[in-house]
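Notes for the one structure printed next.
The values are calculated or read from the model by the stated rules, or taken from the named source; none is laboratory data. Worth saying up front: this structure is predicted, and the values here are computed from it rather than measured. For neighbour counting, all protein chains shown are included, and Cβ atoms are generated from backbone atoms with ideal geometry for every residue, glycine included. Heavy atoms of the whole protein, side chains included, go into the accessibility calculation; ligands, DNA and RNA do not. Shrake-Rupley method; radii C 1.70, N 1.55, O 1.52, S 1.80 Å.
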Amino acid sequence: MDTECFKTLFLPLGRQMYAEALRILRDPAEAEDAVQDVYTRLWERRKELEGISNPRAYAFTMLRNHCISLFNSNARRHVDKPAEGLPEETGPNLGDEIDTRDRVSKIFGLIGNLPDNQRRIITMHDVEGRPKEEIEKATGLSAANVRQLLSRARKAVRSHFSK
């Protein structure tokens, strides 16, 4: 993959990747570092990426895996180093945070298994935070179609998630 192709495929994803990293890591500096790390890895693997059918999905999967790895290593560091002079329970329960991360991962897995249009709409609206009007323009679908696809996607995720 040449430089121009790399720039065209991956650089426009920067804001969305940062939003995803921030959602997982909850720290702006760590999120920026995570995105930079993923861009570096993608660049180093650019020759292998020519056969990838969905570069966006590949980049986001790499980002999520990297963020989860960072989150886990940070959690271990905090558990291994108790804070001096502070009560043991000073923040959210680590077990609850891990459960939440597991649920988020499960939801992303469920979204990934939705039909293409539903996956695209729910990702654009609920994950990327795009307004419905922007989604209508980007997809060429009517407002009613966007609402219907979003509703069906959410129902599918809820029904699978509750099982």
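Has region 145-156 got at least one residue that is in a loop (DSSP other than H, G, I, E, B) and buried (at least 17 other Cβ atoms within 10 Å of the Cβ)? Among the residues of region 145-156, not one is in a loop (DSSP other than H, G, I, E, B) and buried (at least 17 other Cβ atoms within 10 Å of the Cβ), which makes the answer no. Counting the residues of region 117-140 that are exposed (fewer than 15 other Cβ atoms within 10 Å of the Cβ), closer than 15 Å to ILE107 by Cβ and of a type in the set (Lys, Arg) gives 0. Scanning region 1-25 for residues that are within 10 Å of CYS67 (Cβ to Cβ) and open to solvent by 90 Å² or more (accessible area, probe 1.4 Å) returns a single hit, ARG23.
Please enumerate the residues belonging to region 141-156 that are basic (Lys, Arg) and closer than 13 Å to ASN117 by Cβ. Those that are basic (Lys, Arg) and closer than 13 Å to ASN117 by Cβ: ARG147, ARG152. Taking the conditions exactly as written (hydrophobic (A, V, I, L, M, F, W, C), at pLDDT below 85 and in a helix (DSSP H, G or I)), does PHE71 satisfy them or not? Against the criterion (hydrophobic (A, V, I, L, M, F, W, C), at pLDDT below 85 and in a helix (DSSP H, G or I)), PHE71 qualifies.
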